[in-house]
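Here is the structure we will look at.
The values are calculated or read from the model by the stated rules, or taken from the named source; none is laboratory data. Keep in mind that this is a model prediction, so the values were computed, not measured. Don't worry about glycine lacking a Cβ; one is built from the backbone with ideal geometry, like all the others, and counts go over all protein chains shown. Calculation scope for accessible area: heavy atoms of the full protein, side chains included, ligands and nucleic acids excluded. Shrake-Rupley method; radii C 1.70, N 1.55, O 1.52, S 1.80 Å.
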Amino acid sequence: ARTQLEGVQNVELIEGDALEAPIDGPFDGAFVGGVLMYLNRKDAVSLLKRLRERVPAGPIVLRESTVRRGVEVKNLDYNMVYRSPAEYSEIASEAGLTVTAVKRNRGYADMEIAVEMVNLARRIPALGRRDPAFVGRPVWRVLRGTAPISLGLLPRAVEALGIRWPHLTNHFMLLHSE
């Protein structure tokens, strides 16, 4: 981030715990990208409350990986909490914020489709032993070349059959103070 933002005058990078780092305000807006999915509900509400105080009149934009309904917790190398847009709306409400718009992140959905197709292709024994990039590059080229069908029609057709695919998606959510 420091390298990318070198020379930009209106940005200050602050490292630390988002719930405790010394951040003065007010600000005109805030963007939170993929942070709340690593926080439990209490900490997610606390962070949004803190942002609400520092962005009293402006918008707060969340970009989070989501599931269709409810909450799903994954405990791998680190904890991840995938929430539905409805769950994020409830968390925002607890923090005194209202979700005023929700938009699906189409690029993320395309990436998830590609990941699932690569995982499917790697079930073939000869491909399963290969580096994922060896399989991923041609799969992505095919998906991009056939995008109206593979990235557009195919997911809708699969979902029409009652199959939730891809598993994860991603949304932008616009929040304002209540």
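What Rg and what Dmax come out for the stretch 1-139 when only alpha-carbon atoms are used, in angstroms?
Every Cα atom of the stretch 1-139 included, Rg and Dmax give 18.7, 57 Å.
Short version: ³J(HN,Hα) in whole Hz for each residue of the stretch 155-168, in order, from phi by Karplus 6.51 cos²θ - 1.76 cosθ + 1.60 (θ = phi - 60°), x for Gly and Pro, what are they?
Per residue, the Karplus-derived 3J(HN,Hα) values read x, 5, 5, 4, 5, 5, 7, x, 9, 7, 8, x, 4, 9 Hz.
Over the stretch 1-59, with every protein chain in place, what whole percent of the accessible area is carbon and sulfur at 1.4 Å, could you tell me? Each step should come with its number before you reach the end.
Details: 2090 of 4210 Å².
Here it works out to 50 percent.
Per q in 0.26 1/Å, what log10 I(q)/I(0) does a Debye calculation on the alpha-carbon atoms of the stretch 120-178 return?
Log10 I(q)/I(0), no solvent term: -1.09.
May I ask you to give the solvent-accessible area per residue for the chain, in square angstrom, as obtained with a 1.4 angstrom probe? All intermediate terms of the calculation are to be shown ahead of the outcome.
Details: 11220 Å² over 178 residues.
Counting only protein heavy atoms, the per-residue value for the chain is 63 Å².
Roughly how tilted is helix 85-94, in degrees to the nearest 10 and between 0 and 90, from the longest Cα axis of the chain?
With both axes taken from Cα atoms, the answer is about 10 degrees.
For the peptides 31-44, 109-122, 73-86, what is the packing order when you average, over each peptide's residues, the other Cβ atoms within 10 Å and list the highest mean first? Let's see the in-between values first.
On the way: 31-44: 15.6, 109-122: 17.4, 73-86: 13.4.
Ranking, from highest mean packing down: 109-122, 31-44, 73-86.
Nothing charged except the Cβ atoms of Lys and Arg (+1) and of Asp and Glu (-1): what's the magnitude of the dipole of the chain about its Cα centre? Round to the nearest 20 debye. Don't skip to the end; give the middle numbers.
On the way: 24 positive and 21 negative charges, 222 e Å.
I would put it at about 1060 debye.
Carbon-plus-sulfur fraction of the accessible area of the stretch 91-161, 1.4 Å probe, in percent? Please report the intermediate quantities before stating the final value.
Working: 2840 of 4550 Å².
That fraction is 62 percent.
Going by amide H atoms built from the backbone, whose H comes under 5 Å of the H on L39, apart from near neighbours?
V81
For the Cα atoms of the chain, what angle does the longest principal axis make with the long axis of helix 106-121, in degrees from 0 to 90, nearest 10?
Helix 106-121 sits at roughly 40 degrees to that axis.
With θ set to phi - 60° and the Karplus curve 6.51 cos²θ - 1.76 cosθ + 1.60, what are the ³J(HN,Hα) couplings of the stretch 48-59 in order, to the nearest whole Hz, using x for Gly and Pro?
Karplus values, whole Hz, x for Gly and Pro: 5, 4, 5, 5, 4, 5, 8, 10, x, 10, x, x.
Need one number: % antiparallel among DSSP beta bridges in the chain, to the nearest 5.
Details: 19 of 24 bridges.
Around 80 percent antiparallel, to the nearest 5.
How compact and how long is the stretch 1-62, expressed as Rg and Dmax of its alpha-carbon atoms in Å?
Rg and Dmax of the stretch 1-62, Cα atoms, are 12.4, 37 Å.
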